[in-house]
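**Q** Handing you this structure, nothing more for now.
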Amino acid sequence: RFVDNSDKMWLYARNLVSSNPYEGTFGRRIRYCIEDNKSKRWLGIVELSSPKQSVRPREKLIGWNIKERLPKLVNILDMSVCVPVQPFGVLCGGKLLALSSLSNEVRDYHKKIYGDDLLAIETTSLFGKSSQYNRLPELEYLGMTEGYNTGYLTDEVKRKQKAISGQKEQI
């Protein structure tokens, strides 16, 4: 079941079932949940969103240069959320959710909402090569991404770090 981007139940479920902090996504976005037909309970949630502009393993596979890449990114979505609800997740629920992103329903919904053909889904994993995507012949492992990220540390976290390291706080 596809949900509106402002669906509070989806956002609540996302924050409840995943340990990864969520700050939302940018650009194009498709959110949906997989629901058990009999019980009507959610088995998991998925969010597909605009891909990162530069992912070296993807560019190497496709052979794009920077001028070719930018206009074609509208045909790719990033599987930014793929989280099964427990205990379903123990039984390969994440694999079902990942494969659901390749369905005709998702491609048709993307075409209806954005007017472009969806040609590829990409994803990254929190912990490198993920067992959630292992043994799925529809997905191809391209390698580790490279890059950097910035973060913000609150004053409270900085104080705790200094306390742990034995440094005195400057006033």
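**Q** Per residue and in Å³, how big is the convex hull formed by the alpha-carbon atoms of the range 37-100?
**A** Working: hull volume 6.5 nm³, N = 64.
Normalising the Cα hull of the range 37-100 by residue number yields 102 Å³.
**Q** Can you tell me the relative contact order of the chain? Whole percent, Cα pairs under 8 Å, sequence separation 6 or more. Walk me through the numbers on the way to the answer.
**A** Numbers: 198 pairs, mean separation 31.9, N = 171.
Here the relative contact order equals 19 percent.
**Q** Stretched out fully, how many nm does the piece from Ile113 to Lys8 gain, at 0.36 nm a residue minus the Cα gap? All intermediate terms of the calculation are to be shown ahead of the outcome.
**A** Numbers: separation 105, 0.36 × 105 = 37.80 nm, distance 2.03 nm.
Once the chain is fully extended between Ile113 and Lys8, it gains 35.8 nm.
**Q** On to the next question. Could you run the Karplus curve 6.51 cos²θ - 1.76 cosθ + 1.60 with θ = phi - 60° over the range 51-66 and give me ³J(HN,Hα) per residue in whole Hz, x for Gly and Pro?
**A** Result, ordered by residue: x, 5, 5, 9, 10, 3, x, 5, 4, 5, 5, 7, x, 7, 9, 5 Hz.
**Q** For the chain, with the dipole built from +1 on Lys and Arg beta-carbon atoms and -1 on Asp and Glu ones, taken about the Cα centre, which of His110, Cys82, Phe2 lies farthest toward the positive end?
**A** Result: Cys82, furthest along the dipole toward the positive end.
**Q** In percent, how large is the relative contact order of the range 16-78, given Cα pairs closer than 8 Å and 6 or more residues apart? Walk me through the numbers on the way to the answer.
**A** Working: 56 pairs, mean separation 17.8, N = 63.
Relative contact order here is 28 percent.
**Q** Give me, ordered by chain and number, the residues 5 or more places off Val55 or on other chains with an amide H under 5 Å from its own placed amide H.
**A** none
**Q** Something else about it: Scaled to the compact-protein estimate 2.2 N^0.38 Å, what is the alpha-carbon radius of gyration of the chain, rounded to two decimal places?
**A** The reported ratio for this selection is 1.21.
**Q** Then there is this: How big is the dipole moment of the chain about its Cα centre under a simple scheme where the beta carbon of each Lys and Arg is +1, that of each Asp and Glu is -1, and everything else is neutral? Debye, nearest 20, please. Walk me through the numbers before you get to the answer.
**A** Values: 27 positive and 20 negative charges, 58 e Å.
The dipole of the chain has a size of about 280 debye.
**Q** What accessible area per residue, rounded to a whole number of Å², is obtained for the range 3-118 using a probe radius of 1.4 Å? Let's see the in-between values first.
**A** Numbers: 6820 Å² over 116 residues.
It amounts to 59 Å² per residue over the range 3-118.
**Q** Also, I was wondering about something else. Nearest-5 percent of antiparallel DSSP beta bridges in the chain? Mind dumping the intermediate values first?
**A** Values: 15 of 18 bridges.
Antiparallel bridges: around 85 percent, rounded to the nearest 5.
**Q** In addition: Sorted from largest down, what three extents in whole angstroms do the Cα atoms of the range 1-89 have along their principal axes?
**A** 48, 26, 24
**Q** For each pair in Lys52/Lys160; Lys72/Lys112; Lys72/Lys95, compute the distance between the two Cα atoms and list the pairs where it is over 25 Å. Walk me through the numbers before you get to the answer.
**A** On the way: Lys52/Lys160 33 Å; Lys72/Lys112 18 Å; Lys72/Lys95 27 Å.
Those over the limit are Lys52/Lys160; Lys72/Lys95.
The values are calculated or read from the model by the stated rules, or taken from the named source; none is laboratory data. Owing to the predicted nature of the structure, the values given are computational and were not obtained by experimental measurement. Every residue, glycine as well, gets a Cβ built from its backbone with ideal geometry; the counts of neighbours run over all protein chains shown. Side chains included, ligands, DNA and RNA excluded: accessible areas come from the protein's heavy atoms. Shrake-Rupley method; radii C 1.70, N 1.55, O 1.52, S 1.80 Å.
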